[in-house]
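Nothing in this text is a laboratory measurement; each read-out follows from the coordinates by a stated rule. Because the structure is a prediction, the values reported are computed rather than measured. Heads up, the Cβs are rebuilt from the backbone with ideal geometry, glycines too, and the neighbour counts pull from every protein chain shown.
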Amino acid sequence: MTQNPHPLGQSIIDRAEALARFSDMEGGLTCAFLTPAHRSAQALLAQWMEEAGMQVRIDAIGNVIGRYAADAGADARVLMTGSHFDTVRNGGRYDGRLGILLPIAVVGALNASGIRLPYHLEIVGFAEEEGLRFKTSFLASSVLAGRFDAALLARTDADGVTLAEALAASGLPGHGELAALQAAAVDPATLLGFVEVHIEQGPVLLNKDLPLGVVTQIAGSSRFQVRIEGQASHAGTTPMGMRRDAAAGTAEMILLVESRCSAVPALVGTVGQLLVPDGSSNVIPAACTFSMDIRAGEDDIREAAIADIVAGIQQIAARRGLSAQVDRIKPVFNAPCARWLMDQFSAVLRKRGLAAFELPSGAGHDAMMMQRITDVAMLFVRCGNGGISHNPLETITAEDAQLAAEVFVDFLRHFQPEG
Ligand SMILES: [Zn+2]
């Protein structure tokens, strides 16, 4: 028998596959907050953390937190790492999960070799990042960062279950009580920083033929829900010039988002949800609702685009006799990574003869919320299949996972606190 050339990488891939068997759907991976599949994934992560030599706790929002205790005693501060284990609908196996499974594999290897670190290392499996069930993202990291918005407890899922009810029924500590969610916040004074390993979710590293990259900043995003109202009338009898068609107006608005965001290289805009409520094939649409997601590497560029697009939506609506209600879901501002942490990843990459390539993240990550309370850095791992993510085709190689794990080991062993 030949030995596997990528033992850590292969174990990460095997575990990503094992975790993906818990799904809310048949024939694909959907893992929404607090579903049975989600609870099973949470339990398996806790088990793996324990097997790797960590003390594990589960907090009031369902985060699984494993601690690899320092050799220096209980006074040591905490370097935190981790990512999320919930997914989008029919998502990929590595988005988020790589950032939990890789550090668990690394701790398991350190523990097996009897190597302790001079600081506590905590791995967080964040219970909710994608916003699939309650249409609000960063739920789990907002609790850990002490930024939980109490109003969210009344928010309902598609079945009318509130977040408070879902938490109360979950058996999680605190049963969804606000005080428990607030008490789950980590004290920033105890933190050395937060680092997150994540699949790139884009083609940049693939196209540059690089396995790993160091993230410079996480781009802010702004999300909107837009409701357009017109007038329902008969599809057969209403002349074209007399219509107030909410869907046709929406189509024009979507093209506006596309053209405005195409005009600036660092800007992207997406309408990912589109609905004609109670629509019927023989009725002119009375209403149309859509989501709008606008992102840019710089807050100024994004805000300027938003101002233009919102004004444009109102103009289109006025011209067509429609009304437009544009609701902004709270914006997420840019989160710059800390240079001193980035430099420590870059030093490890260079030592191994790899390029210390730096790139921004267009996608939001848990590190974005953690950046509100501590310095953060991110290590991106090359995404296969043309860089596709939020899709079952999302993949990485065992070789890249192995390399990322080795780089992470080096980073942890040579980690120096700031200052
Ligand atoms: Zn993710």
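The C-alpha atoms of the chain define a longest principal axis, and helix 246-262 lies at about 50 degrees to it. For the range 14-111, the equivalent ellipsoid built from the Cα gyration tensor has semi-axes of 26, 13, 11 Å, listed from largest to smallest. Could you tell me the center-to-center distance, by alpha carbons, between the range 382-419 and the range 306-343 in angstrom? The range 382-419 and the range 306-343 have Cα centres spaced 32 Å from each other.
Based on the Cβ-Cβ distance of E303 and Q3, what FRET efficiency does E = 1/(1 + (r/R0)^6) give at R0 = 41 Å, to the nearest 0.05?
The value I calculate is 0.15.
Averaged over residues, the count of other Cβ atoms within 10 Å places the peptides 112-119, 313-320, 220-227 in the sequence 220-227, 313-320, 112-119, highest first. Multiplying the residue separation of L393 and T156 by 0.36 nm and subtracting their alpha-carbon distance yields 82.2 nm.
State the answer as a single residue: which of T397, I313, P203 lies farthest towards the positive end of the charge dipole of the chain, with beta carbon charges of +1 for Lys and Arg and -1 for Asp and Glu, about the Cα centre. Checked the options; the winner is I313.
As a rough guide to protection, the peptides 246-258, 153-165, 128-140, 43-55 ranked by mean Cβ packing within 10 Å, highest first, stand as 128-140, 246-258, 43-55, 153-165. Shown for the range 183-231 is the translational diffusion coefficient from the Stokes-Einstein equation, using the Kirkwood radius over Cα pairs, a temperature of 37 °C and a viscosity of 0.692 mPa s: 207 µm²/s.
For the range 220-332, count all C-alpha to C-alpha pairs, find those more than 26 Å apart, and express that count as a whole percent of the total. Considering the range 220-332, 21 percent of its Cα-Cα pairs are separated by more than 26 Å. Each 10 Å bin from zero up to the one holding the largest Cα-Cα distance in the chain carries the following percent of pairs: 5, 21, 30, 24, 13, 6, 2, 0, 0. Normalised by 2.2 N^0.38 Å, where N is the number of residues, the alpha-carbon radius of gyration of the range 168-271 equals 1.86.
Gain on full extension, evaluated as 0.36 nm per residue between Q10 and M240 minus their Cα-Cα distance, stands at 76.7 nm. Seen against the Cα atoms of the chain and their longest principal axis, helix 339-351 is set at about 60 degrees.
Per the Debye calculation on the range 305-386 with a single equal scatterer at every Cα and no solvent contribution, log₁₀ I(q)/I(0) for q = 0.24 Å⁻¹ amounts to -1.17.
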